[in-house]
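The values are calculated or read from the model by the stated rules, or taken from the named source; none is laboratory data. Being a predicted model, the structure only gives us computed values, none of them experimental. Ideal geometry is used to build each Cβ from the backbone, glycine not excepted, and the neighbour counts take in all protein chains shown. Note: accessible area is taken over every heavy atom of the protein model, side chains too, but ligands, DNA and RNA are not part of it. Shrake-Rupley method; radii C 1.70, N 1.55, O 1.52, S 1.80 Å.
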Amino acid sequence: MSFAYEVKAEVCKTALTRHCCAIAEAYGVLLYANSFSISEVRIVTENEEFAARLPRLFQKAFSVRFDALPEKKDGGKLMFRITDEDKLAAVFRTLGYDRKAHFALHVNFALLEEECCRTAFLRGAFLAGGSVTDPKKRYHLELATSHLQAAKEVEALLCDMGFTPKHVMRQSNSVTYFKQSEHIEDLLTLIGAPVCAMQLMATKVEKEMRNTVNRRVNCDAANLDKAVSASREQVEAFTRLTESGAINDLPVKLQEVAVARLLQPELTLSELAATFDPPLTKSCLNHRVRKLMEIAKEK
């Protein structure tokens, strides 16, 4: 089961209570359905929960039934249609459209004055024309419709509700989309999928923790490589000083550092500083090592 299927299944658990919200949700479904014209309503879905909700939704919103039971299509798709003139007239009348006028779909905001109705409208739009990517892969939620003017007005509605959607044309469809995880979480919670929103949040936290651990591991590995490389250079330099006898001409403090490094090449500078009696500070030891390296380069 895909993440998008889980989201829609959870959204469909939202109760159909208020008549105004049922109209608003059905309105969102129609604007983002496969076909919504003066001659046909056609809604195609693979989601069984959405398919079970549709007849109840249209009955409550418009007091109409679909023309026939869904036909099972290839890939398990279910199709709902209304072509009956009386049923279409009831739908258009409820939504405030005049079928005899030039038909260009605009959003009838008079049906979306209440906040609950706006939420229901977005719920319907997502159920019919929405998709959301598994957050383990990436963050992406979109709403796609062929009704271009309506899509612009829905984007304005989303902006008015505090969201910042982006827009792109894909073939003949207008696609409104989000890539910010916070907005996807908020939208899913708003339309009735808080559990899936929490799942997205948990996945995001897990990703961030994993990335933080990886960065630290990579940083530690890089530091370790630097330390090993530096120790190797020091051992080689101090070995040259010892073999040439130049070590004997150096101050005792520098001789002690050279011997300590040659005997314990695996230690970091901090660990090596702690072996002295009394212990040296890392800064002090680093200063003496640099002095020894400068002397070795001259030899």
Leaving out ligands, DNA and RNA but keeping every protein chain, what accessible area does Thr281 have, in Å² rounded to the nearest 10, with a 1.4 Å probe? 90 Å²
Please report, for the Cα atoms of the stretch 1-54, the Rg to one decimal and the Dmax as a whole number; what are they, in angstrom? 12.1, 35
Which of rounded, prolate, oblate describes the stretch 208-289, given a ≥ b ≥ c as roots of the alpha-carbon gyration tensor eigenvalues and a/c under 1.5 marking rounded, otherwise prolate only if a/b is larger than b/c? prolate
Could you give the accessible area per residue of the chain, probe 1.4 Å, as a whole number in Å²? 55 Å²
Hull surface over four for the Cα convex hull of the chain, reported in nm², is 24.8 nm²
How high is the relative contact order of the chain, in percent, counting Cα pairs under 8 Å that sit 6 or more residues apart? 16 percent
Just need the Rg to Rh number for the stretch 43-148, please, alpha carbons only, Kirkwood Rh. 0.98
With axes computed from alpha carbons, what is the tilt in degrees of helix 115-129 against the longest principal axis of the chain, rounded to the nearest 10 within 0 to 90? 80 degrees
Rel. contact order, % - alpha carbon contacts under 8 angstrom, at least six apart, the stretch 187-299: 24 percent
Got a number for carbon plus sulfur as a percent of the stretch 172-237's accessible area, 1.4 Å probe? 57 percent
Once you have the Kirkwood Rh of the stretch 60-216 from its Cα pairs, apply Stokes-Einstein at 25 °C and 0.890 mPa s and quote D in µm²/s. 136 µm²/s
Highest mean first, what order results for 77-85, 202-210, 264-272, 144-152 on Cβ atoms within 10 Å? 144-152, 77-85, 264-272, 202-210
